[in-house]
Structures are given as structure tokens and as C-alpha cells.
1. Going toward the positive end of the dipole of the chain, with +1 on Lys and Arg Cβ and -1 on Asp and Glu Cβ, which of N118, G307, S83 do you reach last?
2. Would you please name the GluC sites (Glu not before Pro) within segment 400-508 that are DSSP coil residues with at most 16 other C-beta atoms within 10 Å of their C-beta?
3. Rounded to the nearest 0.05, what FRET efficiency do T109 and E194 have when you use their Cβ-Cβ distance and R0 = 56 Å?
4. Please work out how much length the chain gains when fully extended from E148 to V176, using 0.36 nm per residue of separation minus the C-alpha to C-alpha distance, in nm with one decimal.
5. Of all GluC sites (Glu not before Pro) in segment 492-568, which ones are in loop regions per DSSP and have a Cβ with at most 13 other Cβ atoms within 10 Å?
6. Neighbouring Cβ atoms within 10 Å as the yardstick, rank W354, W558, W547 fewest first.
7. First check a/c for segment 458-556, with a ≥ b ≥ c the square roots of the eigenvalues of its C-alpha gyration tensor; if it is under 1.5, answer rounded, and if not, answer prolate when a/b is larger than b/c or oblate otherwise.
8. Post the alpha-carbon centroid distance, segment 445-462 to segment 371-414, in whole angstrom.
Amino acid sequence: MKSSEKLNLYAFKRLFVILLVAVLVVCGAGLIACNIFVKLDSISAVYNGDGIEVGGALEKSKITVTAKYSDNSDKTVTNFELSGFSSETAGDKVVTISYTENNVTKTTTVTVKVVETNPEPVTLVSITAVYNGPEIEIGGTLNKADIEVTAYYSDTTDKAVTDFEVSGFDSSTFGVKRVNVTYTDGIKVGCVVEITVKEKTPEVANYGKYGILQQDGSVKITNTSYVQDELQIHFIAFENNLAGDSVFIKAGDTDILIDAGSTYSSAATIDKYISNYCTDGVLEYVIATHAHEDHISGFVGNSTVSGILDRYKCENIIRYANRNTTSQVSKDFEAKCDVQKQNGANVITALEWWNNESGRKIKLTDYIEMEIVYNKYYASPIKSDENSNSVCVMFNQYGQNYDNTNAENPDNDKYVNHYLFTGDLESNGERAMVQYYNSIEKPLPHCVLYKGGHHGSDTSSSQELMAAITPKLVCICTCCGDKKYNFPAQEAIDRIAVQTDMVFLTNVNVEGSSSTPLNGNICVTSNEKGVFVNCTNNNTLFKDTEWFNQNRICPEAWKKQEETTGQQTA
């Protein structure tokens with residue numbers, strides 16, 4: 001090779017080495033520049049675990065640490081350090097986290113909750129019950145509020161509870177009764193409390209034969225049966241000096257009106273009274289006992305006073321099966337019944353009601369029923385006697401211990417009250433009624449209340465009927481000493497007196513007065529607390545009124561009673 005060629009080759013190799021070194025220097029400077037300008041900027045941490053129990057350890061794996069750099073890049077790192085954590089006590093603990101890279105160290109904190117060691121769950125263990133109420137008589141009810149129940153828990157705590165259940169109480173017989181008490185709080189536990197049921201203490205009258213005067217002035221009738229629901233019976237006093245019937249009955253939410261005398265204008269008096277109780281304008285049952293004006297004219301009204309059948313919607317109208325009269329009031333009444341029928345009322349006669357044997361008893365509430373009572377004149381009317389056509393009705397009010405499966409159960413008398421209404425039925429009809437029920441071996445029951453028949457006429461309240469039903473309470477819609485009939489008759493008073501002196505009457509005739517109440521409106525209320533009488537004018541017994549003492553002779557039965565008891569009511 002020539003020397004000049006060797007020189008060129010050498011020069012080329014030298015130049016290549018220089019260039020290579022230059023490249024390496026530039027690349028190295030870039031790498032150095034990168035290490036110099038991209039730095040660790042900060043770190044953040046998140047704890048992803050649950051609370052740590054006291055004494056527990058903090059798991060590093062439950063913490064996510066993110067490193068953030070000056071060029072806005074970031075990455076998750078694991079080679080961080082923890083400090084400051086202690087689980088000796090419960091609470092929020094601040095843990096310090098540090099991370100070092102390229103001799104740069106950054107720190108942050110994260111909060112970890114330390115909790116108490118989970119205790120055993122608190123559970124209901126048992127209950128106890130103590131009865132703190134009054135003595136309960138046969139047929140009485142148990143008041144849950146009189147039982148004190150305490151619940152006991154697994155952590156030795158206890159508390160009084162009220163949302164417990166009671167079952168198994170029976171007061172139909174006397175003795176110690178085991179009552180089951182249960183309470184549920186997660187689990188259901190129970191216990192037994194013993195409650196003594198005692199024999200019923202007879203109520204002793206201090207106001208007449210069967211009356212107990214109450215602090216509010218009302219009169220309680222002694223030793224009536226244990227019943228449920230509430231039955232109100234209102235004998236309405238008219239604003240005139242005439243005898244007539246109108247009895248409003250409220251059984252729960254059911255409104256019943258038996259008759260609407262005594263005159264056409266009496267519709268206003270009746271409406272004024274019953275509107276306080278029948279607030280929806282609907283009478284579920286209307287009963288027209290017979291076709292005399294002093295029982296139905298108020299249903300009709302006149303040109304100035306609209307009748308009850310105009311003022312109220314009637315769902316059921318039960319009327320006399322027959323009428324002998326051709327009076328205008330009876331025709332008008334029946335015409336208004338037809339209008340009610342066109343408006344949806346069920347209009348039936350007493351005979352149709354009686355012939356429907358399965359429907360003779362109408363349930364008004366869970367414990368109160370209305371029953372049609374036999375009258376032979378439903379089917380065989382007497383042409384000359386309108387009164388004998390009267391619709392006769394019994395209301396039966398039961399207690400919860402009444403044995404419906406066995407009507408012959410001798411204990412049933414303790415759990416039912418009876419209330420009898422016979423319109424103006426005369427003595428012949430009353431005797432036929434007694435004979436019929438005796439013939440089928442189902443005698444008429446003893447009655448707490450009897451609506452005195454035919455305004456106290458001498459042709460009603462026969463000895464046979466009084467002996468059969470033995471009423472404790474008699475209420476009579478009448479006007480004592482009215483000019484036409486001079487009710488009530490001495491004969492009727494004498495027959496009633498054999499059974500009771502608890503007799504109340506609505507009005508009395510006073511010369512020159514358009515209307516004078518004797519007892520006034522008579523309200524009889526029966527519920528689980530008993531049977532009570534309260535009148536708007538006074539609660540004086542008929543035998544103790546001035547009118548009676550001046551116009552009637554005291555029956556021997558009442559004289560003997562006063563001699564025996566040494567009591568005079570006032």
C-alpha cells in the first residue's frame with residue numbers, strides 16, 4: 001500500500017473514533033440531564049382495610065402508596081416504610097408513610113381506625129311477669145296494662161317492656177288462671193303469670209230494687225250480664241202533651257229507629273234528637289210497629305215539617321204486616337216507604353221477616369243482634385184491633401264467653417242481656433207470645449229492659465208477660481195523665497210493680513203547659529261496664545214523683561219493698 005493511502009486510512013479511523021466519542025458524550029449528557037430534572041415530587045396513601053381490633057397488627061398490603069413525579073407521572077410503589085402506628089387503644093390512628101427514591105424521601109399520613117374487640121352479641125334470655133291489677137270477677141276482662149313484664153339479656157341488663165303478647169286467660173270460671181306471656185326481641189321467650197278469678201260479688205241496690213246511684217247521677221242496674229260492644233237505647237220525649245212512641249237505638253255504628261210519633265210535627269223533635277247520634281244521615285233500620293198516628297206520623301211529616309222518611313236515607317224498613325185503618329197517615333206513610341224503596345231501601349213486612357226463619361236474627365255488631373219476636377197476629381190480624389199488629393223486637397247483647405255452639409249451656413245467662421220492645425201489643429197478643437215460646441221449649445228470656453207496652457195502658461204489660469221476662473228496668477213512652485187516655489193505668493203499674501220499681505216515663509201532662517218532661521229523654525246504655533240509665537230531666541223513679549203520689553195508688557209490691565229495705569228513694 002502506498003504511504004498516502006495508509007495516511008488516509010489512519011485519518012479516517014481517527015475521525016470515526018472522534019465521532020463515536022462525541023455521540024457517547026451527548027447520550028451520556030442526556031441521561032445525566034434526565035436524572036437531574038425528573039424528580040420524586042410527592043406520595044399519597046390510601047388504607048383499604050377494615051377497622052383493626054385493639055392489639056391487632058397493621059398489614060402493609062392493605063395500604064396503597066402512589067409516588068408522583070415532577071413530570072406529572074406517577075406509579076404505585078411498595079418499598080415504603082410505616083411508622084407511628086399503635087393499636088393499644090381504640091380510636092383513629094395516624095400512620096406516617098415514607099418513601100425514598102434517588103436519595104429523595106417523601107412522607108404522607110393515613111388514618112386507620114382501631115376498634116374494641118367485638119364482644120359476644122347481646123341476646124334476650126328470659127322474661128318475668130307480675131300482675132298488678134284489681135281482682136277480676138267471673139266474666140271479667142284482663143287489662144294487659146295491668147301486667148308488668150321485665151326482659152332480661154345476656155349482658156345482665158334488663159328492661160321493662162310493653163309490646164308483649166298475652167294469651168290463655170279465661171274468666172268463665174273462678175280460680176287461679178295461668179296466663180301465657182310472650183315477648184320477642186330477636187328471639188321469642190315466654191313465661192306464665194297466675195291471675196285469680198273470683199266469684200262475682202252481688203251488687204246491692206241503694207236506689208230502688210235494682211238501682212245503684214252513681215257519682216255522676218246516673219243509675220246502674222244491678223247484676224246484669226257480662227257483655228261486649230255498646231248498645232244505646234233512647235226513649236224520646238215529645239214536645240207536646242200526647243202519648244206516642246219513638247225509640248232510637250244505636251248498636252255500634254248501626255242506627256235504628258222504632259216508630260216516629262206522636263204527631264206530624266214531632267218529626268222535628270225526633271230529628272233534633274237523633275241527629276246528635278246518627279251523623280251520616282242514614283238509618284240502617286226503620287221499624288214501624290203499627291199504623292196508628294202516634295207511631296208513624298213523624299215518619300210522614302206535613303207541609304211545614306218534613307218527615308223522618310224525607311230527612312234520612314233508610315236502608316231497611318220493617319213495617320207492620322197488616323193494617324185495618326184507612327187513615328190518610330197510614331197511606332202517606334206507605335207511599336213514602338215506596339219512595340224509599342225506589343231509592344234502594346229494602347222494605348219488608350214483619351210477616352216476611354218472621355217467615356224467613358234463617359233471617360229472624362240480624363247481626364248488628366260482633367256482639368249485638370236484633371231479633372223479631374213471635375206475634376200470632378202477623379199472619380192472623382184482628383180487624384178491630386190495630387195495636388195487635390205491632391211488630392215485636394228483641395235486642396240481644398252478648399259477652400265474649402257466650403257459648404254459641406251450645407245454646408243450652410247454663411252459664412250462657414251470665415253473658416247475654418235481652419231488651420224487649422212490643423209496640424202497642426195488647427194482653428191477648430202478649431199471652432199468645434208467652435205460650436208460643438213455652439210450646440217450643442224456648443221460653444222468653446229474662447230481660448234487663450222492657451219498653452212498657454202501649455204507653456202504660458191497662459190492656460198491656462200482662463201478668464203472664466211480666467212473669468216470663470221478669471224485667472229489671474221498664475221505660476215507658478207516654479204522657480202521664482194525658483186528657484184522652486190518662487196513661488199510665490193503675491192496672492199496668494200494679495203488674496209491673498211485682499217485678500221492679502225501676503220505672504221511668506218520658507212526659508207528664510201539666511195544665512196550661514204545651515210540654516213538660518217527667519224524666520224527659522231516657523237513655524239506657526249497656527256495655528262491658530254494665531247497664532246505666534240517665535235521663536235529661538231527672539232520674540227520679542216513677543213511684544217517687546209528685547205526679548205518682550198525687551194520682552196513683554202505691555202498689556202493694558212497692559210498699560212491701562220499702563218496708564223490707566227501709567229505704568226511700570229520692
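1. Sorting the options by dipole projection puts first S83.
2. Here the sparse-neighbourhood loop sites are E408, E441.
3. Numbers: r = 66 Å, r/R0 = 1.17.
That pair, T109 with E194, gives E of 0.30.
4. On the way: separation 28, 0.36 × 28 = 10.08 nm, distance 1.81 nm.
That pair, E148 and V176, stretches by 8.3 nm at full extension.
5. On the way: sites: E511, E528, E546, E556, E562, E563; in loops: E511, E528.
In loop regions of segment 492-568 (DSSP not H, G, I, E or B), the sparsely surrounded GluC sites (Glu not before Pro) are E511.
6. The order, fewest Cβ neighbours first, is W547, W354, W558.
7. oblate
8. Using only Cα atoms to place each centre, the spacing works out to 14 Å.
Coordinate-derived values only; no laboratory data. Small disclaimer: the values here were computed from a predicted structure and weren't measured. All Cβ positions, glycine included, derive from the backbone under ideal geometry; neighbour counts span all protein chains shown.
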